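Q: Let me give you the structure first, and then I'll get to my questions.
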Amino acid sequence: MAKYKIVALPGDGIGQIVLEEAIRVLDAVGFDAEYIHGDIGWEFWKKEGNPLPERTIKLIEEHKIALFGAITSKPKDEAAKELAPELQGKGLTYSSPIVGLRQHFKLEISLRPCRTYEGNPLNFIRRTPDGGFEEPFVNVAIFRQNTEGLYGGVEWSNPPEEVYKAFLTHPKFVKNFGNIPKEEIAISTRIFTRGAVERILRAAFEYARKYGFKSVTVAEKPNVIRETSGMMYQMAKELQKNDYPEIEVWNVNIDAMMMWLTKNPEDFGVIVASNMFGDIVSDAFAGLVGGLGFAASAQYNPQSGVAVFEPTHGSAPKYAEYETPIVNPIAMIEAARMMLEYIGEQDKADRIRQAIAKVIKEGKVRTYDMLKLKGSPEVLQQGAASTRQMTDAIIANL
């Protein structure tokens with residue numbers, strides 16, 4: 001019997017391709033696991049009217065750990081048109097299954113590391129005063145609160161009368177919006193709770209302590225969004241003072257953060273932010289270390305132990321149709337590596353990182369994105385490695 005049981009969620013498009021490659025690497029490094037397939041994604045929306053079937057939720061409830069590929073999402077009206085004929089007109093509304101997983105399992109901690117691999121031609125470089133170039137080493141871990149804030153889903157178009165009346169109790173709403181007809185108003189809320197804020201901050205501080213980072217940066221906007229961003233920054237200062245005195249707290253407004261990360265990204269270590277700001281800053285930092293082909297994330301609930309690991313790229317369905325897959329599998333392999341760290345298989349995780357690093361540094365095997373080519377089947381004739389060839393090279397270096 002295998003030591004671990006992992007729920008494998010291929011999803012849509014290239015998710016099915018890269019997940020298979022990641023499992024090949026896990027097998028090669030000696031990870032003793034049984035992979036249990038879970039249904040998720042667009043095909044199940046079309047056939048069943050539910051992209052996250054209850055049977056898949058039960059699998060994750062039982063086995064706790066899941067590897068997730070990618071999903072296809074479309075706007076509400078387009079999604080409705082693709083439902084099976086017998087499901088049309090039944091009031092079904094599409095919602096993202098990955099958001100559904102986050103909300104159902106309260107996967108409130110999202111960790112997105114962004115780390116430079118030496119020799120990656122996509123790494124960030126900057127000009128030096130003498131006219132040359134330098135390549136700073138980026139090693140950042142972004143902690144994103146994953147269930148609250150602007151992505152909490154509490155929103156209305158033409159809000160109900162009781163909601164509208166509640167907003168009319170705020171003088172600034174009356175001043176700025178009180179003369180606008182209710183049916184012309186759309187409202188999205190940004191809700192923080194102290195418990196969730198404390199948990200994401202503690203996760204960031206504990207990670208900084210474990211891996212020797214000197215600072216935790218709060219990337220919010222407390223000077224303008226005073227109640228929610230202000231809560232996070234104030235709680236960060238209190239936690240640092242009481243429990244983590246050896247770690248500095250930096251306060252950098254999210255807009256300034258986007259400027260500083262392209263000036264001196266090497267100055268930052270651990271960053272913590274709310275849902276939307278964390279989403280933005282993690283994608284921005286990912287761009288400094290190679291982009292979506294290298295960006296992975298973990299989402300977990302410290303109380304229940306449920307954790308989902310995934311690349312941050314989409315399903316790119318057109319690439320899934322190519323006879324020979326060309327997509328970069330490293331992001332998915334990195335997600336699998338993060339899973340190993342999470343469950344305590346640190347040696348295997350380190351070996352995978354070292355194998356990836358060696359392939360990239362040697363520069364003999366590069367996928368089309370690393371060669372800065374436009375994605376098409378012809379890239380294989382232009383020297384790009386296929387998805388499988390990149391995985392083979394990583395396995396050869398294990």
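Computed from the coordinates by the stated procedures, all read-outs in this text should not be read as laboratory data. Note that the coordinates shown come from a computational prediction; the quantities given were computed from them, not determined experimentally. A quick note on method: Cβ atoms are made from the backbone with ideal geometry, for glycine too, and the neighbour counts reach across all protein chains shown.
Q: For the chain, calculate the relative contact order in percent as a whole number, restricting contacts to Cα pairs under 8 Å that are 6 or more residues apart. Each step should come with its number before you reach the end.
A: Numbers: 752 pairs, mean separation 86.7, N = 398.
With pairs under 8 Å counted, the relative contact order is 22 percent.
Q: Enumerate by residue number the trypsin sites (Lys or Arg not before Pro) in region 304-385 meeting two conditions: DSSP loop (anything except H, G, I, E, B), and at most 13 other Cβ atoms within 10 Å of the site's Cβ. Spell out each step's value before the answer.
A: Values: sites: LYS318, ARG337, LYS348, ARG351, ARG353, LYS358, LYS361, LYS364, ARG366, LYS372, LYS374; in loops: LYS364, ARG366, LYS372, LYS374.
Answer in residue order: LYS364, LYS372, LYS374.
Q: Can you give the direction-averaged projected area of the convex hull of the alpha-carbon atoms in region 194-263, in nm²?
A: On the way: hull surface 19.3 nm².
Over every viewing direction, the Cα hull of region 194-263 projects on average to 4.8 nm².
Q: Tell me which GluC sites (Glu not before Pro) from region 214-277 have a DSSP coil assignment and no more than 10 other beta carbons within 10 Å of their own.
A: On the way: sites: GLU220, GLU227, GLU238, GLU246, GLU248, GLU266; in loops: GLU227, GLU246.
Here the GluC sites (Glu not before Pro) that fit, given the DSSP loop and packing criteria, are GLU227, GLU246.
Q: Would you compute, for the Cα atoms of region 238-346, the largest minus smallest coordinate along each principal axis and list the three values in descending order, in whole Å?
A: Dimensions of region 238-346 along the principal axes of its Cα atoms: 57, 36, 24 Å.
Q: Pairs of alpha-carbon atoms within less than 8 angstrom and 6+ residues apart define the contacts here; what relative contact order does region 210-353 have, in percent? Display every interim value, and only then the final one.
A: Working: 163 pairs, mean separation 27.5, N = 144.
Relative contact order for region 210-353 comes out at 19 percent.
Q: So how strong a dipole does the chain carry about its Cα centre when Lys and Arg Cβ are +1 and Asp and Glu Cβ are -1, to the nearest 20 debye? Before the final figure, lay out the partial values.
A: Numbers: 47 positive and 52 negative charges, 121 e Å.
Rounded to the nearest 20 debye, it is 580 debye.
Q: Can you give the Rg to Rh ratio for the chain, taking only C-alpha atoms and Rh from Kirkwood?
A: 0.98
Q: Which value does Rg/Rh take for region 1-130 over its C-alpha atoms, Rh per Kirkwood?
A: Working: Rg = 18.8 Å, Rh = 17.2 Å.
Reported Rg/Rh, Kirkwood definition of Rh: 1.09.
Q: Further question on the same structure: With charges only on Cβ, +1 for K and R and -1 for D and E, what is the dipole size of region 88-142 about its Cα centre, in debye, rounded to 20? Please report the intermediate quantities before stating the final value.
A: On the way: 7 positive and 5 negative charges, 97 e Å.
My answer is approximately 460 debye.
Q: Could you go through region 215-224 in sequence order and give the Karplus-derived ³J(HN,Hα) for each residue, using 6.51 cos²θ - 1.76 cosθ + 1.60 with θ = phi - 60°, rounded to whole Hz, and x for Gly and Pro?
A: Once θ is set to phi - 60°, the couplings for region 215-224 become 9, 10, 9, 8, 9, 9, 8, x, 6, 10 Hz.
Q: Mind giving me the FRET efficiency for GLU54 and LYS263? R0 is 56 Å, r the Cβ-Cβ distance, nearest 0.05 is fine.
A: Working: r = 48 Å, r/R0 = 0.87.
Here the calculated transfer efficiency is 0.70.
Q: Another question, if that's okay. For a protection proxy built on the mean count of beta-carbon atoms within 10 angstrom, sort 193-199, 12-18, 323-329 highest first, please. Write out the running numbers ahead of the final one.
A: Numbers: 193-199: 15.4, 12-18: 25.3, 323-329: 21.1.
By packing density, highest mean first, the sequence is 12-18, 323-329, 193-199.
Q: Evaluate E = 1/(1 + (r/R0)^6) for GLU321 and GLU34, where r is the Cβ-Cβ distance and R0 equals 51 Å; express this FRET efficiency to the nearest 0.05.
A: Values: r = 30 Å, r/R0 = 0.59.
For GLU321 and GLU34, the calculated efficiency is 0.95.
Q: Here is a follow-up. Can you list, largest first and rounded to whole Å, the semi-axes you get for region 323-385 by taking the square root of 5 times each eigenvalue of its Cα gyration tensor? Don't skip to the answer; put the middle values down first.
A: Details: eigenvalues 149, 33, 11 Å².
Result for region 323-385: semi-axes of 27, 13, 7 Å.
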